[in-house]
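What follows is one structure encoded as structure tokens, with my remarks underneath.
The values are calculated or read from the model by the stated rules, or taken from the named source; none is laboratory data. Note that the structure is a prediction, hence the values are computed from the model and not measured. Note that each Cβ is placed from the backbone with ideal geometry, even for glycine, and that neighbours are counted across all protein chains shown. Heavy atoms of the whole protein, side chains included, go into the accessibility calculation; ligands, DNA and RNA do not. Shrake-Rupley method; radii C 1.70, N 1.55, O 1.52, S 1.80 Å.
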Amino acid sequence: MLKIKNIHTYYGNIHALKGIDLEVNEGEVISLIGANGAGKSTTLMTTCGIVPAKKGSIEFKGQDITHMPSDEIVKLGICQVPEGRRIFPYLTVAENLDMGAFLRNDTNEIKKDIDYVYSLFPILAERRNQAGGTLSGGEQQMLAISRALMARPKLLLLDEPSLGLAPIIVKQIFRIIKKINEDQSTTIFIVEQNANLALKAANRGYVMENGTITLTDTGANLMANEDVKKAYLGI
Ligand code: ATP
């Protein structure tokens, strides 16, 4: 579904991605793990056209999207939940969800999707008339994921869904990420510092260091890998 080949990305003189190769197959949950500053967020932002690639290519469902504007990429079905959530704080929960569906006009299907996200996260249904900015961090993450789902993405990109959240909320969010993948066959690409949960949820994973991919394998094999255990799992 997604083929990233030899991607190089720069911020001025900083060479953030140094020839990344990565593939995501339809229906998979893929996790990209790595330390602070390894280049995980840059990989996501380059994929969705927010930060331009200087070299290499990105294909989505056979189409070259390397230099496509990010709004066109969204229309193809790639949707990102950015690090730090970035919901609309002054809009209500319900209005945030409406914003997620702004490219759609299939009113009945939109209603079904609203019911679906409220079934995933009942707390959002309870808080539907509350301003997004008044929600807890965990609820805002739930809203950010739900808003992205309202676009009916084929590929959902999640940037650090665990960031700043209590462990119990993080577990709940990862359980639901898995459920979304199973219920809707949504392909999911997660970038995460919480390697333990990210690899548990993933069919396959990639490990990133200093702008390069250093390891790739099934989630289970990476969790059993001695280097990964030492560096990322604290075992
Ligand atoms: P984190 O978990 O801290 O978000 P990351 O693995 O996602 O880390 P990136 O945010 O992709 O890493 O950063 C990769 C490299 O690019 C780092 O050296 C970082 O300092 C640099 N970088 C990221 N964003 C910018 C920016 N806007 N301007 C300049 N350098 C940047």
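Right, Cys48: within 20 Å of Ile190 (Cα to Cα) and away from the ligand (no atom under 16 Å from the Cβ) or not? Against the criterion (within 20 Å of Ile190 (Cα to Cα) and away from the ligand (no atom under 16 Å from the Cβ)), Cys48 does not qualify. May I ask you to list pairs of residues, at least six apart or on different chains, whose Cβ atoms are under 8 Å apart, with the first in the stretch 85-104 being touching a residue at least 60 places away in the same chain (Cβ under 8 Å) and the second being surrounded by 15 or more Cβ atoms within 10 Å (Cβ to Cβ) and among the charged types (D, E, K, R)? Final answer for the pair search is Ile87/Arg147.
Restricting the first member to the stretch 216-234 and to residues that are over 19 Å from Ile20 (Cα atoms) and among the charged types (D, E, K, R), and the second to residues that are open to solvent by 50 Å² or more (accessible area, probe 1.4 Å) and not in a helix (DSSP H, G or I), the beta-carbon pairs closer than 8 Å and six or more apart or on different chains are Asp227/Leu215; Lys229/Ile235. Among the residues of the stretch 71-84, the ones that are within 16 Å of the ligand (Cβ to nearest atom) and buried (at least 17 other Cβ atoms within 10 Å of the Cβ) come to 4 in all. Of all residues assigned to the stretch 207-214, at least one qualifies as being without any contact (Cβ under 8 Å) to a residue 12 or more places away in the chain and either within 16 Å of the ligand (Cβ to nearest atom) or part of a loop (DSSP other than H, G, I, E, B) (or both).
Of the residues that make up the stretch 179-195, is at least one of a type in the set (Gly, Ala, Ser) and buried (at least 21 other Cβ atoms within 10 Å of the Cβ)? Yes - at least one qualifying residue is present in the stretch 179-195. Considering only residues in the stretch 10-42 that are within 12 Å of Asn210 (Cα to Cα) and among the polar types (S, T, N, Q), the one that is surrounded by the most Cβ atoms within 10 Å (Cβ to Cβ) turns out to be Thr42.
Of the residues making up the stretch 43-57, those that are open to solvent by less than 20 Å² (accessible area, probe 1.4 Å) and either closer than 21 Å to Glu192 by Cα or of a type in the set (S, T, N, Q) (or both) number 6. Per this entry, Gly62 is not counted among residues that are within 10 Å of the ligand (Cβ to nearest atom) and free of Cβ contacts under 8 Å to residues at least 60 places away in the same chain.
When the stretch 128-150 is limited to residues that are assigned to a helix (DSSP H, G or I) and over 16 Å from the mean Cα position of the chain (by Cα), the one that is surrounded by the fewest Cβ atoms within 10 Å (Cβ to Cβ) turns out to be Gly133. Within the stretch 40-52, residues that are among the small types (Gly, Ala, Ser) reach partners that are assigned to a loop (DSSP other than H, G, I, E, B) and near the ligand (Cβ under 7 Å from one of its atoms) with beta carbons closer than 9 Å, at six or more positions or on different chains, in the pairs Ser41/Glu83; Ser41/Glu160. If you take the residues in the stretch 4-25 that are among the charged types (D, E, K, R) and out of contact with any Leu (no Cβ under 8 Å at 6 or more places or on another chain), which one is nearest to the ligand (Cβ to nearest atom)? It comes out as Lys18.
Per-residue answers, yes or no, for (1) at pLDDT 95 or above; (2) part of a loop (DSSP other than H, G, I, E, B):
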| residue | (1), (2) |
| --- | --- |
| Gly49 | no, yes |
| Ala53 | yes, yes |
| Ser57 | yes, no |
| Thr66 | yes, yes |
| Glu72 | no, no |
| Lys75 | no, no |
| Gln80 | no, no |
| Glu83 | no, yes |
| Ala94 | yes, no |
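Taking the stretch 26-42 as the range and being within 8 Å of the ligand (Cβ to nearest atom) and either more than 21 Å from Met223 (Cβ to Cβ) or assigned to a loop (DSSP other than H, G, I, E, B) (or both) as the test, the residues that pass are Ala35, Asn36, Gly37, Ala38, Gly39, Ser41, Thr42.
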